[in-house]
Every structure is written in C-alpha cells, then in structure tokens.
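The values are calculated or read from the model by the stated rules, or taken from the named source; none is laboratory data. Keep in mind that this is a model prediction, so the values were computed, not measured. Note: ideal-geometry Cβ built from the backbone for every residue, glycine included; neighbour counts use all protein chains shown. Note: areas computed on protein heavy atoms with side chains; ligands, DNA, RNA excluded. Shrake-Rupley method; radii C 1.70, N 1.55, O 1.52, S 1.80 Å.
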Amino acid sequence: MGAGITRRDFLGASMLASGAALLGALSPADILAAQAGRAGQAVAPAEGIDAWTGYGGVGEYANANGNTWPVVMAGHAMRDGVGQPLPADVVDTGESVDCVIVGGGISGLAAALTFQRLAGKDKRCLVLENHPIFGGEAKQNEFEVGGKRLLAPQGSALYFTQMPHSALARFYDSIGLHTPKLHYQAWGGKAPEMPLARNPYDAIGMESGQYGFWFGDAGQSGSGSWVRDAVRTGFSGAPVSAAVREQLSSWFANQLNDRTTFVPPRYEGDAVARYLDSITLEQHYVERYGVSREFIRDYLAPVEGGGSGLGPDALSAYADYAADLLHMNEADGDDAVQMFPGGNATIARLMVKSLIPAAISGPAGVEGVTRGMVDFARLDVAGAHARVRLSSTVLSVSHDGDPAKAGSLTIAYAKGGKLYKLKARSAVMAGGCWTAKHVVKDLPTAHRAAYAQFYRSPCLIANVAVRNWRFLYDQGLSGCRWFDAGNGGNIGNYFEVRKTALTGVGESTISPDSPVVLSLKILYSYPGMSTEDQGHRGRGELLSTPFREIERRIRMQFHAMFSGFGFHAERDIAGIILNRWGHAYLSPQPGFFFGKDGQPAPRDILRAAPFGRIAFANTDLAGAMDHRYSILEAQRAVAQLCDSLLT
C-alpha cells in the first residue's frame, strides 16, 4: 500500500497477468511473452491485487465490490482473444442446454425467468456470470458499524412504482415484489426531526434550506466556503461572478419548479424526441434554460448528464428523457421513486429466489431474500432446469456452422484457471456491448459496425460509512454539493443523508447519532473531447488509481469541507468501499436513439431480430441506464428466440 503505481505499471501488469491467472489451460509462457512484447512490464506482485480492489465490507458481497482485479483481468483476456482459437485440451463439460444466457445481472436474470416461463419448464437454461455473485451492477455493500448492519448500493439504486397493469408491474409481482411502495425509517432520538431523503439523489433539503453548496478555493487546495439556503437566497455570498451566481440560481430554481415552456417528448420517436436526439444535451440546456456552455461545463458536468455518465457536451439530448417514457405510476407522485437499502440488489435476489427457490434460504418476498443467505451450491445443480454458474467468464459464442442453418452453438468460458466448452440451442447476450462485440465470434459486419457506435463511460461508487452524521445535523444540513472553481482537486460532487427502507434488517429509526453510509458517485467527464475519447480517458484514470489514493482523496475532501464542523476523518469514518465500474454507463451520442444521415440507429440493428441462434439484451440497447429497460430488453430477446427457434 505504500508504493505508488502508475497507469503504465497497472495496465501492463493487468494485461500480463490476465492470461496466466484465468486461462491456465494455455501456455503461460506463450501468453506472457506475447503480452510482454506489447506492454514491456513485469507481473504485478500479489499484494497489488488488494491494493487496487481495497476493502470489500462484510457479508456475501465482500469479495465482489464492483469490478475487482480478477474481473478486470478476465475482461482484458476476453477482449484480447486469449484462448482463441480454442486449444485441444479445452474441457468439454458434455452439457447441452436449450439456452445459455451470458451475464447474470438484472437483464440476464430476467432473461432466464422469461425463458423459463415462455419456453416451458422442460427446457433448460444456464446463466454464465463472471462475478463471484449474481446481480451485475445491482449488488450491495455491507458494513458493520457499532454492531449495526448498514447496506448501500454498489451501482443500480432506484426503482419506480409502475402503472398497475403494465408489463413491469406484472413482472415485479411475479418475483415477489407485491408491495412496491416501501416503508422507511422513522425519526428517533431527542433531537428535533430533520426531513431526510430516501435515496442518494433526492436533494430533499434544497427547497427548505437544509442543503449546502461548497465552493473550493481555486487558489488554495483544501480550502473553500459554504453557501446555505442557496436557492432561496439566489446563491448570495457565493464566491463566483454575478453572471455565474445568476445562472446557478436560475438552474436550481428550475430544477425545483420548472418555469420553462419546453414540452418534453410524449412517446419514443415523436418529433420532439427526434429533434432532441439530433443535438447534444448541452445545446438543449442552452436552449431550454438560457445558461451558457461555459457554465454547463464548469458547474453542471458531469452530474447533470442525463444519467449517462458524462457531461452534457458528449450526450444526445434525448438521453435526459428516455427513461421518463417508461411512465411511473403518476398516482404515487413523489412516492413512485423507491429504493431498497442496498439498491436493486434486492430485485436481483428476488429474481434468483423465483428462478431457483432453494438458492436463497428462507421465505420468498423482500424480507425473506434480505435476511436469507445465498446457498451458492444450489445455484448450479446438475440436471436442474435453471442454473447460475458464477465466476465464469465467457470468451466465445459461435455457431456450429453457417449461422443461418446451424442447429447449435459452442460456448467457451474460463473458470478456476481452466477453459471449458458446452453446447446450446440458443443464447442471449445479456452482458454489455463492450463484451458482446468480442464474445460473439461470427458477428456480422453490420452488427459490428453498430456496436462500434456504442460508447461506454466509467463510474466509481464510493460508499463511506460514518459513525454518525451529527457534524451535518448541527449545521442544519442533510445533503450537499461541491464545486472546485476549476482547480480539479475535488472527488465526487454530492451526497445525501438518507433514511433507509425497512426490509427486515437494520434499525427502524434514524437520528443524528446513527451510523449512516454516504454514497459518492464519482464520474469522469472531460468537456470538449468526443464521447468515445472521454470514456477511454476516464477508464484510464479509474484503472490506474490504487485504492489508497482514492481513499486519501475522499478523506481530504471530507476534511476540507467538514473539519470546521467538528468532523475528524480518522475518528468518524468507519470504512470506505470502492466499487469500480469501467463501463458503467452507455453514453449515447446524438443520433444513437433514432439514427442520423439516413442511417438506422445502431441499437435497432441489434434489436430487430436474432443473429442466427443469438439474441441481444441488456439495458444499453435501450440507451438508458435503467434496470426496467434491462428487464424489457431481456423479455424482447427471449421472445424472439422462442418465436423463431424454440417453438
């Protein structure tokens, strides 16, 4: 932990180690020689793994915080074609299943459930997942602080109540989410109650004045000043120019109560939607809110990025509206936005409980899967009609012959240092675009060209457990956002104290003396660069920075902002878990949703029909990072296979 590590050191070492660590059936000497010729680096020491991944918390997700070092190395091996063509000594499992589903996140699990329901109980499906536990980005972190169990999401966090008879409402009900509206912690203790958010994005105190804005000092790292009740006072006292103060005031006032005349799209593909997809989100903000490009890049990026990982300059304006067209239950109002303590890990657990009931102990339902323990041995039982095989990185999916005529597929994957292969009648590619384009070996030219227009950007979710949040309460704050006045020294942008849903674990009340988890979403935007280049540069930064350096920056950030409130990082921070997602967001550029220059949208090429015996799912095909789209895309892909191949 004491030694520095450069980007070149890390990337070279990870590329070298990937083949040897994961694909022991190949010749390590050949792999290392090939990689060393390109990277020119030595293999990273064993302690470097923990120095990069860092602390993972407690419980079932302790060794699965984001993309850990082994997962990253596996991805690099797959990307670089290690193990292709398949060697003679690949282990043939002898299995032949009706459907292999590549990816065990929300989309993959939804595909397995849909397959089981549409194809029939006699058909067999196998989910291959590269992480050590299912869920993809819908996983959770667990802390134990002062004898109390605290949960926080690793990635996918929110879900929404749906119209009562919609496909999504029926799906929720089918997995045991019978009461989508949750109950949350009550106020406890003697201190006067402070209204609290129910998720990391609410900013509930902005309207009432219990939200703070911190402006870092451009001339001196680690110093800055607070502005409170900023929206109601027009950012009076903010250390910025009058023009910036006016734009800040106008922007945040409009977020609370939109005074513009803009009419958003009413359905996907209408004239408004198509116009928005022809311009950047930055241009749309200029047109709708009258703010300047410089203001957007200095004060809004990357937070106001349409939920797509980058700042508005890099994204299609339609990205800001795509998820809204799934239509929450309007009768629920603000209560339509819900969150489990560990985010959508609970939805993933409900899905696994429905798919393989014995795989999670205890009864079905939200409290059952929250309290129950995963029986990992039950996930992959020989002869079962539905199976989930973990820590299995799929390296290739290919037709056995001409894709138009082939009767089967060969699937190859790495697990435990060996290569395996099996047969399948069909496959659903439920992982992201960045893996599917490498895994499907006989992918047509049109599909490859389409995938080349899918750009992903990284995200780091840092969950910081503090022993109490009195340092905020005593200042009348429940949340905050920070700016750095252009010095680039900050990490993250905001956090929110939140009361958590009551799901059978954790405390039923919250007070200023309760331990809580503050979630920081750290994004990587570089305004002015292309969408693709911003993603590459962000991943370089995410991959090159060891745990210790990120931990140091978080502690320094908290010290700079809160030391004047009596906060002491060494005393008050109980633990930090980092969740690195190298391809967290599909970041759609203008033209992604509806095409441009007379060409079809890239997503439509992949959604239109299966390629031979392979169908494509995952939320990135919708262009919006929302677990609801993960479910809907999975249902579409499986239905296409059942209609064309498995009837």
Item to check | Given charges at Cβ of Lys, Arg, Asp, Glu: the chain dipole, positive-most of A615, H399, S563 | outcome: H399
Checklist entry - Once phi is turned into ³J(HN,Hα) by the Karplus curve 6.51 cos²θ - 1.76 cosθ + 1.60 with θ = phi - 60°, what whole-Hz value does each residue of region 300-305 show in order, with x for glycine and proline? => result 10, 6, x, 4, 8, x
Checklist outcome for this item: For K139, the lysines lying under 18 Å Cα to Cα, once residues fewer than eight places off in the same chain are dropped, come out as K353, K521
Checklist entry - Dipole magnitude of region 148-278 about its Cα centre, charges +1 at Lys/Arg Cβ and -1 at Asp/Glu Cβ only, in debye to the nearest 20? => result 420
Checklist outcome for this item: Distance in Å, no decimals, from the C-alpha centre of region 577-602 to the one of region 407-421 is 29
Next on the checklist: Among S644, N468, G417, whose Cα projects farthest towards the positive end of the dipole of the chain, with charges put on the beta-carbon of Lys, Arg (+1) and Asp, Glu (-1)?
Outcome noted: G417
Checklist entry - So, with +1 on the Cβ of K and R and -1 on the Cβ of D and E, and no other charges, what is the size of the charge dipole of region 245-363 about its Cα centre, to the nearest 20 debye? => result 340
Checklist entry - When all protein chains stay in place, what accessible area (Å², nearest 10, 1.4 Å probe) is found for W226? => result 50
Item to check | Cα shape, region 170-297, gyration tensor, a/c 1.5 rule | outcome: oblate
Checklist entry - DSSP loop GluC sites (Glu not before Pro) in region 266-314 with at most 16 other Cβ atoms within 10 Å of their Cβ, which ones? => result E268
Item to check | the chain, helix-only ellipticity at 222 nm - DSSP H runs n ≥ 4, -39,500 (n - 2.57), divided by all residues, nearest 500 | outcome: -9000 deg cm²/dmol
Item to check | Hz values of 3J(HN,Hα) by residue in region 407-420 - Karplus curve (6.51, -1.76, 1.60), Gly and Pro given as x | outcome: x, 7, 10, 10, 10, 10, 8, 9, 8, x, x, 10, 9, 10
Checklist entry - Under unit Cβ charges (Lys, Arg +1; Asp, Glu -1), what dipole magnitude, rounded to 20 debye, does the chain have relative to its Cα centre? => result 1040
Next on the checklist: With the crude spin-label approximation of a point 7 Å out along Cα→Cβ, what separation in nm comes out for D92 versus S544?
Outcome noted: 4.7
Item to check | Relative contact order, percent, the chain [alpha-carbon distance under 8 Å, six or more residues apart] | outcome: 23
Next on the checklist: Check the chain for me: any Cys whose beta-carbon has no other cysteine beta-carbon within less than 4.7 Å?
Outcome noted: C433, C459, C480, C642
Checklist outcome for this item: Probe 1.4 Å, heavy atoms of protein chains only: per residue, the accessible area of the chain in Å² is 38
Checklist entry - Given just the C-alpha atoms of region 63-184, how large is their convex hull per residue in cubic angstrom? => result 176
Checklist outcome for this item: Note to self: C-alpha centroids of region 145-167 and region 458-501 sit apart, in Å, by 19
Item to check | Percent carbon-and-sulfur accessible area, the chain, ignoring ligands, DNA and RNA, probe 1.4 Å | outcome: 51
Item to check | Cα gyration tensor shape of region 223-271, rounded if a/c is under 1.5, else prolate or oblate by comparing a/b with b/c | outcome: prolate
